[in-house]
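Visitor: Mind looking over this structure? Questions follow.
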Amino acid sequence: MNKLRELAKNLLFQSYQTDESFLFSPQIAYERAEYTEKYLARHFGLHATEDYEQTSTTLLDCDILPKKNYIDQLIRIALHLSQRTYSGYYSLSFNAEVREIPLSEDVFQILPQISKEHFYPELYENDLLTLREKNSLIDRHNYEFSVLKKAFLEAIDSYTLNVPQFFRKHDEILLEDADAKDAYSQCYNQVCIKEEFKITKSLRDLDTPTFSSPALTQVIMDGLPGQILKTYCLPTKDLLISIAKNEINPLTGAKYSSSAVSQVRSNFSTELKLIEYALRISPKVEKAPYSLTQTAQAFMYQESKSPRNT
């Protein structure tokens, strides 16, 4: 198979594997990557027998538009599958759909046709977000697309028998380490230099806050006034879904304290709007496994006295 399509499969395979909570085996991830790429290539008229040994520059020439459209849609799919990007992490409805086991083949047929807005209804169709929040998140969404596309195109130019690592395991979703070895991190910094003025100007003109990427887990102190506080470690997605849904701690089955709820809602006000909208439009989001099994095993606590109300 030509290097363009082989590299595309590798990118999709890595994107599927970034969400360990769905318990995908490497075999399942690889099979889904193959199906996704096959229908993508079929939709845009690419064939395995063609010779695509061009560089990234010639691949994007206007006279081979199908390949450009193929690459753009590939990047959108990988971006929203990846749990190492902000946009992918909060594409809850999309991931709840495409990560189901078993999965209908119809889903693979639809993927090549999905618009960027429909990949991410939590952003583009969300009536809970303010205009400033939406504009800031759209900037970030476009930004992350540029980062991953740059990483992929550079990989085409340097692709050998060694498969490039687009994402790495990390406790942060968006990788900003200049010394990181994965392609996404390296291109994140390069795109940052190129786009910094435009994005910063846009955010400043809109007086819009920037959004930092949450860690994959959160530690919160919870307990009633006057009682022993316990420290709980939960995956960020589990914590936010539980707050958005019913404010019940999934580890204890009891209501979070008002102080814990207040702290989470303050720290994740925008992210909670994304999750609340996802829960509204897709019942599969609530049923998705995420990491609760691992969370229960990772439960930890420390004792201290909670201050009494006076």
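Visitor: Step by step: first the residues of the range 1-35, then only those that are among the small types (Gly, Ala, Ser) and part of a helix (DSSP H, G or I), then the one that is modelled with the lowest pLDDT. Which residue is that?
Guide: 21
Visitor: Closer than 24 Å to residue 70 by Cβ and part of a loop (DSSP other than H, G, I, E, B): is that true of residue 148 in this structure?
Guide: Taking the combined requirement at face value, the residue does not satisfy it.
Visitor: Might you check whether a residue that is at pLDDT 90 or above, of a type in the set (Phe, Trp, Tyr) and touching a helix residue (DSSP H, G or I) at 6+ places or on another chain (Cβ under 9 Å) occurs anywhere in the range 164-175?
Guide: Taking every residue of the range 164-175 in turn, none turns out to be at pLDDT 90 or above, of a type in the set (Phe, Trp, Tyr) and touching a helix residue (DSSP H, G or I) at 6+ places or on another chain (Cβ under 9 Å).
Visitor: If you don't mind, there's one more thing I want to ask. Could you check the range 237-269 and list, in sequence order, the residues that are in contact with a helix residue (DSSP H, G or I) (Cβ under 8 Å, 6 or more places away or on another chain) and either of a type in the set (Lys, Arg) or under 18 Å from residue 83 (Cβ atoms) (or both)?
Guide: Listed by number, the residues that qualify are 237, 238, 239, 240, 241, 245, 265, 268.
Visitor: I'd like to know if the range 225-248 contains one or more residues that are out of contact with any Lys or Arg (no Cβ under 8 Å at 6 or more places or on another chain) and modelled with pLDDT under 75.
Guide: Yes, the range 225-248 contains at least one residue that is out of contact with any Lys or Arg (no Cβ under 8 Å at 6 or more places or on another chain) and modelled with pLDDT under 75.
Visitor: Would the range 36-58 turn up any residue that is part of a helix (DSSP H, G or I), modelled with pLDDT of 90 or more, over 17 Å from the mean Cα position of the chain (by Cα) and among the β-branched types (Val, Ile, Thr)?
Guide: Yes.
Visitor: With respect to residue 138, determine if the residue is free of Cβ contacts under 8 Å to residues at least 40 places away in the same chain, under 17 Å from residue 81 (Cα atoms), aliphatic (A, V, I, L, M) and not in a loop (DSSP other than H, G, I, E, B).
Guide: no
To keep it simple, each residue is scored yes or no on (1) assigned by TED's automatic domain parsing to the domain that holds residue 28; (2) under 14 Å from residue 141 (Cβ atoms); (3) of a type outside the set (Phe, Trp, Tyr).
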residue: 75; (1), (2), (3): yes, yes, yes
residue: 84; (1), (2), (3): yes, no, yes
residue: 89; (1), (2), (3): yes, yes, no
residue: 98; (1), (2), (3): yes, no, yes
residue: 106; (1), (2), (3): yes, no, yes
residue: 115; (1), (2), (3): yes, yes, yes
residue: 121; (1), (2), (3): yes, yes, yes
residue: 125; (1), (2), (3): yes, yes, yes
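Visitor: Residue check, residue 107 against (1) aliphatic (A, V, I, L, M); (2) surrounded by fewer than 20 Cβ atoms within 10 Å (Cβ to Cβ); (3) touching a residue at least 12 places away in the same chain (Cβ under 8 Å), all met but one. Which one?
Guide: (3)
Visitor: Take the residues of the range 95-148 that are over 27 Å from residue 29 (Cα atoms) and hydroxyl-bearing (Ser, Thr, Tyr): which is modelled with the lowest pLDDT?
Guide: 136
The values are calculated or read from the model by the stated rules, or taken from the named source; none is laboratory data. Just so it is clear, the model here is predicted, and its values are computed rather than measured. Note that we place each Cβ from the backbone using ideal geometry, even for glycine, and neighbour counts take in every protein chain shown.
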